[in-house]
Amino acid sequence: MRDPRPHLGEPLALDLLNTRWIGDGPQDLLTGVDGLTIWLRSTGLDGQATADARTLDAVLAARTAIYDTVRHANHTALNEILERGRIRRTLTDSGPADIPDIPDPAWVPAWLAADSLLQLLATAPGRIRQCAHPECVLFFYDTSKNGTRRWHSMATCGNRTKAARHYAKKPEAQNNSSSNR
């Protein structure tokens, strides 16, 4: 099965948030283990976790915690997810390494997504954004040079917003020109 989501390729934390989107109404990839399988595969985590009910519950808890942190600055649940693992620093033959140490395999994807959010917050928290289109719920990490990106995709939400603005002005311009006669 292919990933049906309209926006892929964001950092893991935001990719998890983007498992909910608006298509023909609200959509949610994570309504069952089949959707979890798709998400694990598309993020490259399928070799690190089993797609089962326990992992799904953990991933859903992480999605809620990440959303609450990003949208409401409530980080209590995120810290609870992070309590389930740690980064173990070690020296390997190829040099220093930070290795995630998560005792319960069901929590590996959830913990990695929570850790991904910490990395984004440490780097540039103001670049974590929700799409500016009023009917879009997708998130993105703004990597534009000047940091002013507004839509998850210019091709979809950006164009829809600009077209709506254009058509909203059009009748007003026509009414003004006909009333000036």
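Each reported figure results from applying straightforward, stated rules to the coordinates on display, with no laboratory input. As the structure is a prediction and not an experimental result, all values here were calculated from the model. Backbone-built Cβ (ideal geometry, glycine too); neighbour counts: all protein chains shown.
What to note about this one:
- Each of I87, Q119, A106 was placed along the dipole of segment 72-140 (beta-carbon charges, centred on the mean Cα), and the one lying farthest toward the positive end is Q119.
- Here the Karplus curve 6.51 cos²θ - 1.76 cosθ + 1.60, taken at θ = phi - 60°, turns the phi angles of segment 16-28 into couplings of 5, 4, 7, 7, 10, 7, 9, x, 8, x, x, 10, 9 Hz, with x standing for Gly and Pro.
- Put simply, the C-alpha atoms of segment 64-132 give a gyration tensor, and the ellipsoid matching it has half-axes of 25, 16, 9 Å, longest first.
- Relative contact order computed over segment 64-142 (Cα-Cα under 8 Å; 6+ residues apart), in percent: 19
- Options W21, T69, W39, ranked by Cα towards positive dipole end of segment 20-77, top entry (Cβ charges): T69
- Ordered from longest to shortest, the equivalent ellipsoid semi-axes for segment 18-150 are 25, 21, 14 Å, each the square root of 5 times a Cα gyration tensor eigenvalue.
- Taking all C-alpha pairs of segment 1-90, those more than 18 Å from each other amount to 47 percent.
- Over all pairs of different C-alpha atoms, segment 55-102 has a mean inverse distance whose reciprocal, the Kirkwood radius, equals 12.2 Å.
- Net charge in the neighbourhood of D104 (other residues with Cβ under 9 Å of its Cβ; Lys, Arg +1, Asp, Glu -1) is +2.
- Taking the Cα centre of segment 1-71 as origin and assigning +1 to Lys and Arg Cβ atoms and -1 to Asp and Glu Cβ atoms, the resulting dipole is close to 80 debye.
- For segment 58-69, 3J(HN,Hα) per residue [Karplus equation, 6.51 cos²θ - 1.76 cosθ + 1.60, θ = phi - 60°, Hz, x = Gly/Pro]: 5, 5, 5, 5, 5, 4, 5, 5, 5, 4, 4, 5
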